[in-house]
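Notes follow once the structure below has been shown.
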Amino acid sequence: MTSSAILQAINGTSLAALLFLLASGFTLTFGLMRVVNMAHGAYYLLGGYIGLTIAERTGSFALAIVGGGAAVVALGYLIDRFLIRHTGENHLAQVLLTVGVAFVIGDVSLAIWGGDSLKVPTPVFLRGAMELPGGLVYPRYRFVLILFGVCVGAALWLLYRKTQIGAVVRAGVDDREQVSATGINVDRLFVLVSALASFLAGMAGVVGGAFLTLYPGADWEILVVALVVVIVGGLGSLGGAMLGALIVGLLDAYGRWLLPEFSYFVLFGPMAVLLLVRPRGIFGRES
Amino acid sequence: MSEPLLSVREIHTYYGDSYVLQGVSLDVPAGTIVAILGRNGMGKTTLIRSVAGLTPPRRGDVVFKGRSLRGRPPYAIAQAGMAIVPQGRRIFRSLSVRENLLLPTSRLARASRTAADGRRTHWDLGRVLEEFPQLAERIDHPGGALSGGEQQMLAVGRALMANPDLVLMDEPSEGLAPLLVRQVEQIMKSVREHGHAILLVEQNFALAMSVADHVHVVSSGRFVFQGPPDALSREVDILDYHLGVSGSR
């Protein structure tokens, strides 16, 4: 029992690492530009598929991560520039538009990569199991994923809290109009943040595709859970995305273990209760 | 006389459906303070927003340093040498005092600025903190934790950090204790001494009259008076009817 509980904690934390990659980009683009981009799940899946192809052709997992992320950056830029920009501040239009974009990406991916579950091949040194103190055995890959998530989280936190460009982004989340009156081209800033978000989503697809596998529908499954992370943590808050990812990851792992038939309820029930008490999420602020 | 720093030419500005500025013209010569007086809702803030490009005029033109600002976004106008101290201060709440002050100096804000611009570079972090010692004491506090007076100092300091040729000030005395209003007055005079011009929107009649070189009175989107402060203090009807001030100061 105890050992299972520990294993589920690691399961939950490794899922949290993956969710954080996806949710952090989503929450920052929303915080800065009030843009709701529901295609983030499709970015995840497409990045994963492209990474899969790169990994199969080159045999390099690192190249797959970078290539999957970069391909989504390019696509995301075009979608921002030529589609989302025209929606202005209309959230309903953004949601409908980006859901449509997500369907298109999903169908094109189905045509290219087919309907089977595909697994991004990982390098040999990440395969297999490792033994934990106390005789527990756990997949090595998911451990490394936790480390990876922590590193990316730390890098993002430093960028956001300690650099001048991070200060500009935080200022933009506070008061976008005043930032532009300070001489800063907020549109250009948004291109940077949006590119970062796209990269994180594409990278998450490659990293996630190596243990959750890639299949039609994986885009929506991960999007729904990432949205819960963003809403629980508070829209626009990087710290909220971290804490939210951990909460959702652990709830999901323990829910599947203890109450498998109610695992979705275990996820959405606490979210509903939280929203009753704090409608803007844990770190969300009045706007 | 050489061309004024800022020239507002017959602008008409709408805020949503309401027709706020109905043909307003004014000049701000370099190194002077021009004040706009008027009751609430007469279009003072809209005038500031029109000049800064935040609410662009539908007709008319704003010319800054000899160039029309028509169609230029707010960031480009700011980079041309204009800074704003907005109504309600609009301090970035989650940024520290230091980060607030350094924001206008970020590379993103200076992207289009050339070295040969001949711009005054008097103000830097050290000079601003010298001018506002209260800010130096709270340099690492978040902007949202400052008092109203401190936030006003920070808003002015943030504007100066851009070393602008023109500072737009929208109600800088709003909500401040009398002692702080005196300090704001001193700051404006000191800013002018350093060669910056100020376009000031004020409800505080005494403050505007004491600092301004030139005064405009706005009523229902039009100017009903323009001239030096001395001349305004003799216009009993305008003082009484448009400003609610009786007699001279």
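Considering B:V218, B:V191, B:V245, B:V181, the condition of being closer than 23 Å to B:T45 by Cβ, assigned to a loop (DSSP other than H, G, I, E, B) and in contact with a Leu (Cβ under 9 Å, 6 or more places away or on another chain) is satisfied by B:V245 alone. Inside the stretch A:265-281, residues that are surrounded by fewer than 17 Cβ atoms within 10 Å (Cβ to Cβ) and closer than 24 Å to A:I146 by Cβ make up a count of 1.
When the residues of the stretch B:65-102 are filtered to those that are surrounded by fewer than 22 Cβ atoms within 10 Å (Cβ to Cβ) and under 15 Å from B:E10 (Cα atoms), the one that is nearest to the other protein chains (Cβ to nearest Cβ) is B:R70.
This table checks each residue for (1) more than 16 Å from B:T55 (Cα to Cα); (2) among the β-branched types (V, I, T); (3) at pLDDT 95 or above; (4) buried (at least 22 other Cβ atoms within 10 Å of the Cβ).
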{"site": "B:M1", "(1), (2), (3), (4)": "yes, no, no, no"}
{"site": "B:P4", "(1), (2), (3), (4)": "yes, no, no, no"}
{"site": "B:G16", "(1), (2), (3), (4)": "no, no, no, no"}
{"site": "B:Y19", "(1), (2), (3), (4)": "no, no, no, no"}
{"site": "B:V24", "(1), (2), (3), (4)": "no, yes, no, yes"}
{"site": "B:I33", "(1), (2), (3), (4)": "yes, yes, yes, yes"}
{"site": "B:L37", "(1), (2), (3), (4)": "yes, no, no, yes"}
{"site": "B:G41", "(1), (2), (3), (4)": "no, no, no, no"}
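Taking the numbered list (1) farther than 20 Å from B:L243 by Cα; (2) in contact with a strand residue (DSSP E or B) (Cβ under 8 Å, 6 or more places away or on another chain); (3) within 14 Å of chain A (Cβ to nearest Cβ); (4) crowded, with 23+ Cβ neighbours inside 10 Å in turn, B:I48 passes all entries but (1).
Checked against (1) under 24 Å from B:G149 (Cα atoms); (2) over 14 Å from the mean Cα position of the chain (by Cα), B:I36 passes all but condition (2).
Summed over the stretch A:75-98, the residues that are surrounded by fewer than 13 Cβ atoms within 10 Å (Cβ to Cβ) and under 19 Å from A:R188 (Cβ atoms) give a count of 5. The set of residues in the stretch A:162-176 that are among the charged types (D, E, K, R) and more than 7 Å from every other protein chain (Cβ to nearest Cβ) comprises A:K162, A:R176.
Collect the residues in the stretch A:88-98 that are outside any loop (DSSP other than H, G, I, E, B), touching a residue at least 24 places away in the same chain (Cβ under 8 Å) and farther than 19 Å from A:L200 by Cα, keeping them in residue-number order. Result: A:H91, A:Q94, A:V95. Against the test of being β-branched (V, I, T), within 21 Å of A:A71 (Cα to Cα), within 14 Å of chain B (Cβ to nearest Cβ) and surrounded by 18 or more Cβ atoms within 10 Å (Cβ to Cβ), the options A:V207, A:V179, A:V193 yield a single qualifying residue, A:V193. Being surrounded by fewer than 24 Cβ atoms within 10 Å (Cβ to Cβ), in contact (Cβ under 8 Å) with a residue 12 or more places away in the chain and among the hydrophobic types (A, V, I, L, M, F, W, C) is the requirement here; does A:I54 meet it? So A:I54 fits the description; yes.
The values are calculated or read from the model by the stated rules, or taken from the named source; none is laboratory data. This is a predicted model, so every value here is computed, not measured. Methodologically, a virtual Cβ is constructed for each residue, glycine included, from the backbone with ideal geometry; neighbour enumeration extends over all protein chains shown.
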